Structure formats: C-alpha cells, structure tokens
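Inspection log for the structure reproduced underneath, given as structure tokens.
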Amino acid sequence: MGFNFMSGMRVNEKNITPVTSWSESESEIIIPPEFQCPISIDLMTDPVIISTGITYDRVSIEKWINSGNKTCPVTNTVLTTFDQIPNHAIRKMIQGWCVEKGSSLIKRIPTPRVPLMPCEVYEICRKLSSATRRGDYKKCVEIIGKIKKLGEESERNQKCINENGVGLVLCDCFVKFSGDKKLTAMLNEILSLLTWMVPIGSEGITKLASESSFRCVSGLLRSKEDSVRQNAAFFMKEILTLDETRVHAFAVENGVVEAFAKLIRDSVSSTATKFSLIAIYQMVLQKPEIASEFLDVGLVNLTVEMIVNAENSVCEKALAVLDAICETKKGREEVRKNALVMPLLVKKILKVSELATRSSVSVILKLSKTENVFAVEEAVCLGAFQKVFLVLQVGYGEETKAKATELLKMMNAHMKLMGDCVDSSMNFKYLKKPKSKSGRLRNFLL
C-alpha cells in the first residue's frame, strides 16, 4: 500500500522523510501540503514570503538564491527583490498543528531566530565606533561579545556582518587599544572575529600595520595558546604583503622571525605552518637581507623537514621558501650544507604541484649557476636531466621552461665527464618525444 509522494509524508523519530511504502502496523502522520516547502517538500521550520507572495522554508529559498537563481521556483517570475519576510501566520499554524498531533514522532517546531538585518549591523558599528573613540573598553568588550554571538547563530548572520563594515570598525578598535597589555583578551577576540571577515581590504590591513598594532600582533604570535598564535600568524601574513620598509623593520625589531620559526617547529597545525611559510616567503623575497635572520634560527633544516614529511600544500610552500633563500649567497651556502636538499629537489619535480616543480627547478639552477660544479653533477646523478626535460613537455609557464632549458644545457655540458655515474643510453630511454617540436632535445644538446 502506498500514496502519492507529493500529497503526504511519514514522520520518524529522527526526521521527516518522504513515504514510498508503509506497513499497516506503522503509525503515520500526513503533513498538510500548505505546511510543506515547495522546494524541499519538507515541513517548514522557518517559513518566509518572497516578493512573489509564495512561502518557502528559509534555508531552501536561500540555497536557491545563493546558487544564482533569480526567479521564483514556483511561478518562475523574476524576483524584484531577494528580501524574505517571516510568515508568522503559517509558522504559528504549523506549531499549532504539531501540538495538536501530540505524537512522540513529531515535536513542536521552535520559533526561529529572526536573521540579522543590515540596519542592525549599522547600529552595532555606530555603537562600537563611538565606544572606541571614547576609549570605553568595557562597552567595546560588550559589543564584541554581541558580534561573536550573532555570528555563531548562523552563516547568514556572518555574511550580513561581513558585508556591512564591521571588519573596519573592529580594526579601528584594535588600533585604539593595541598598546594596553591588560586588554590582550579583547584584542585576541577581535583578531578571532576578523578571521571570518576576510578579506578586510587594504584599508583594514594598513590599520593593523601601525606600529602599536604590529607590536601587539607580534606579541600574540608568541602566545602560549595555539589558536591565538594561528590567528596572529594569519594577520601577520596579511600585514607583510605591504611592501613597506617600516613593516619589515618592525618584524625584525619585534622578534617575528623567531616567533615564526617556533610556530613551525612546534607543529601547531598545518594551517599555522602555511601562514608562517607564506609570511617568511614574502619577507625574504621583498627584503633578501632578512634571509640571514631566518638562517640564524635554522630555517633551512626546518624547511627540509617539511619537504620530507609534510602534506603537499605545505611542501610546495616550503620549497618556495627555499627558493627565496637561495637568492642570497649565504642562503645558498646554508642550503648546500644539507645533504638531503638535492635528492629532495629532484624527487619533488613533477611529484607535488606546479609550484613545487617550479621552485625545485629554480633552486637547482641557482645552486648550479653560482656554486661549484658538484651541484650539477649531483643533480645529473640523481636523474634530474630526465625529469627536467619532462618539465618542458608538461606545459608549465614560460619562466619555468626558460629555467629548465638553461639547467638542461648546464647538465648536458657535464654529462660527458660523468660516464661512470650516468649511462648515456638511459638519458632518453623513457622520454616521450614532443609531437610538434621533435628537434627540441637536439637543440638543447648543441
């Protein structure tokens, strides 16, 4: 025995599910069609009316709109506005119906929380901004707590908060109180809230890059709490995207180099490690002289450990840091001291990602060009020639291809002197010949 899927449903103890068949011994509850969402065909728990006058469950219609649809699912009419008005009449009828059934299989639906509206967010911003200007930190703590609570209620609330300027006001608040060590808990809470408001834009990051704010963030980077350190690492990474001499000077003065090294060494999380590596890469790339600071805290050995053991997303960033370090003479010298570097570089070519391959080829080239011939010979002995040639066939960027071409020529110049190490009959045994440019390899060897 059965009935039409659209006309009724059975309720079990866990949820409401469509009925396709049932036993006469089972109790059943038929949900009135007017209480069912036209999209999900489930009992509505938060009914709302859209501009066409049709009522839907809020979750279902929001998912429909967020997917890019601009029409009413029932009437196919183009929506003049995406506003959703709570249908209190239907909600009360559904609640009454649930109570009337009095079954243990279905419970009265709770009254949903009213979603946050932009006008309410504007008022929150106004109050927080006013309290910040007055230096009323107690009021700021109260408002920050309210923002946190609203954001935890739903993703919709978080989106509304993000889109209506709360991030910048929080940055202003952070700057205002960043010099007061007694308010560390509040300042950490602000950073925690800002992590789900990104991107906060260049204006917000510039505020956090002020001297007092930078000193505060660097202090949080050395916190005993791992979550605090991770949040601080994220914003320090964002601050260091500003190519400003003063920012990098602040980093050295405030012990950021040591803090990042310790964060990586402590293995707080892969996310924190990635934030740290990106920040280090930015610092070394923009100000190569800072590389010596990182070398002094053992960065080369740390990156090698990550290349060996870490997941691919961390490995590729560690290789990029190694590439940046090799821009300096001291960096190359330190890299060559680690016997694992060359075997790992050759191994990671074409194994991890395009970024990892580009960095690996770049490091080998830098070591080969500026150091002694042993770097080239070691790379050839490890099978780098075959792998680098394959890089040309994979279709990487022009910069990577140019570096691969130069490296191939250097390796070929040494291969004739390495008969005992390299069997010339194996150099091209497994290479797939390009279809369009069959003479490419021959040109490299000329």
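Observations
Matching residues to (1) part of a helix (DSSP H, G or I); (2) within 20 Å of residue 193 (Cα to Cα); (3) not charged (D, E, K, R):
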position	(1), (2), (3)
233	yes, yes, yes
242	no, no, yes
264	yes, no, yes
272	yes, yes, yes
280	yes, no, yes
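- Pairs, first without any contact (Cβ under 8 Å) to a residue 40 or more places away in the chain in segment 54-82, second exposed (fewer than 12 other Cβ atoms within 10 Å of the Cβ) and assigned to a strand (DSSP E or B), C-beta under 9 Å, six or more apart: 70/78; 71/78; 72/78
- Residues (over 22 Å from the mean Cα position of the chain (by Cα) and not charged (D, E, K, R)) located in segment 303-321: 304, 308
- Residues located in segment 63-87, provided they are outside any loop (DSSP other than H, G, I, E, B) and among the β-branched types (Val, Ile, Thr): 65, 71, 78, 85
- In segment 34-62, residue most open to solvent (accessible area, probe 1.4 Å) [restricted to those that are farther than 15 Å from residue 88 by Cα, modelled with pLDDT of 90 or more and in a helix (DSSP H, G or I)]: 60
- Some residue of segment 11-26 being among the acidic types (Asp, Glu), loosely packed, with under 13 Cβ neighbours inside 10 Å, more than 25 Å from residue 157 (Cα to Cα) and modelled with pLDDT of 85 or more: no
- Listed by position, the helices (runs of 4 or more DSSP H) inside segment 339-410 whose residues that are open to solvent by 50 Å² or more (accessible area, probe 1.4 Å) and among the β-branched types (Val, Ile, Thr) number at least 3 form an empty set.
- Residue check: residue 260 meets all listed conditions (1) touching a Ser or Thr at 6+ places or on another chain (Cβ under 6 Å); (2) open to solvent by 40 Å² or more (accessible area, probe 1.4 Å); (3) not aliphatic (A, V, I, L, M) but one, namely (2).
- Counting only helices (runs of 4 or more DSSP H) that fall entirely inside segment 143-207 and contain at least 2 residues that are out of contact with any Ser or Thr (no Cβ under 8 Å at 6 or more places or on another chain) and within 20 Å of residue 218 (Cα to Cα), the qualifying elements are 166-177, 184-194.
The values are calculated or read from the model by the stated rules, or taken from the named source; none is laboratory data. Predicted model only: the values in this text are computed from it and were never measured. Cβ coordinates were reconstructed from backbone atoms using ideal geometry, including for glycine residues, and neighbour counts include every protein chain displayed. To get the accessible areas, we keep the full protein, side chains included, count just its heavy atoms, and leave off ligands, DNA and RNA. Shrake-Rupley method; radii C 1.70, N 1.55, O 1.52, S 1.80 Å.
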